[in-house]
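The values are calculated or read from the model by the stated rules, or taken from the named source; none is laboratory data. Given the structure is predicted, the values throughout are model-derived calculations rather than measurements. Accessible surface areas use protein heavy atoms only, side chains included; no ligands, DNA or RNA. Shrake-Rupley method; radii C 1.70, N 1.55, O 1.52, S 1.80 Å.
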Amino acid sequence: MNLAFPLRPTLLGVLFGFGLSAQAAPREPVAISFDTTPRAGQHQRQSVDLLATMKMRLEAAPEATDEQRAKIAQTAERMSQTGAMKMAMQMQQTMKVDAADAEGWLPLTFAMDSKGGQVEVGGKTVPLPSNKALDMRFEARFNPKDFAVDVKKFDGPSPDVNDTLLKQGSAMISEALQLSKALAQHPLKVGESVDVPLAINLPIPMPSGAGAMQGTVHYKLVRVDKGVAYFDLGMDMKMTAGVPLPAKPDAAASAASAASAPDAPAATPPTLHMAVNGSGKGTSSLRLADNLQLASRLAMDMKMTMDGPDNTRMLMDMDMTVLSKGESLAKPVIAKAPLKKKS
């Protein structure tokens, strides 16, 4: 299971990983079904490297006043002097699936841990320590019959964030698993490809926050060799999000004063509006015996627009590459020797 960030682009269909299943046979299967369904006994880890180069610029929104334009121009000039920002981050994602319960549900646990990285700005490189604020874990149960998901526990940055993600997490994971369900219905032969739509409502861990991601995932089966399937990947995505921002002290005081007046309308909190468009290509190799993604590479070209308060508009061009390597942590099943009969 893969959980991706975006922005997880990856977020981006990135929650359970893309696995393949095939029955054991002396020869390679003629057709392969994409099947990302969690299975009892799985215990897998993905080591993920995220490399990004970001070029940012600031400009005034059309509604900006002359005073706002002057301030924004000064800030934009300072930003342009630093040049592009380069970032490298490492993460680990681990999924474990236990045996089904009496009702057929599969208990599973998922963890994402930050392993640090570095940022280069203006020619200076600054190491990034492991950021515990990015770590998350959840416990859930999954029903392979109807792909229902029930998140039981979520451990993240803070109790408030945990409560929000616990409420919204089941829906987000369920939507992401619809990609798995759709791919399982399209068996592929070598040379064939499939395009599957992706639609996920993103949980924003803040009151009144909302986000959504839509796109298309493209998989082409290139070859199958010695139990490993090799694919060419493609992805197009659009993401929008609205994130409430804390009000400035003077604005908060004015809002409180207005709210105390009779029949005063509710104050609208400042909001950061974000829109992302991106496309990418890559490759992936998966081991059929245990649905393990051995390695993958996805290079994304993304453009982001953020409209904030004070009529500021941030534009960012980002080239991002996500590399992952997988390993199975499942212990091999050792057959017990038959008991000798007493003579």
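When a/c is below 1.5 the answer is rounded, else prolate if a/b is larger than b/c, else oblate, so apply that to region 103-150 with a ≥ b ≥ c taken from the square roots of the Cα gyration tensor eigenvalues. Don't skip to the end; give the middle numbers.
Details: a/c = 6.43, a/b = 3.89, b/c = 1.65.
Judged from the Cα gyration tensor, region 103-150 comes out prolate (a/c at least 1.5, a/b above b/c).
Quick check: convex hull over the Cα atoms of region 68-139, volume per residue in Å³, rounded to an integer? Kindly include the intermediate steps, with their values, before the conclusion.
Numbers: hull volume 10.1 nm³, N = 72.
Convex hull of Cα atoms, per residue: 140 Å³.
Distance from the Cα centre of region 88-122 to that of region 50-66, in angstrom?
Value for the Cα centre distance between the two parts: 32 Å.
Quick one: how many Å² of residue 220 are accessible to a 1.4 Å probe, rounded to 10?
Number for this one is 80 Å².
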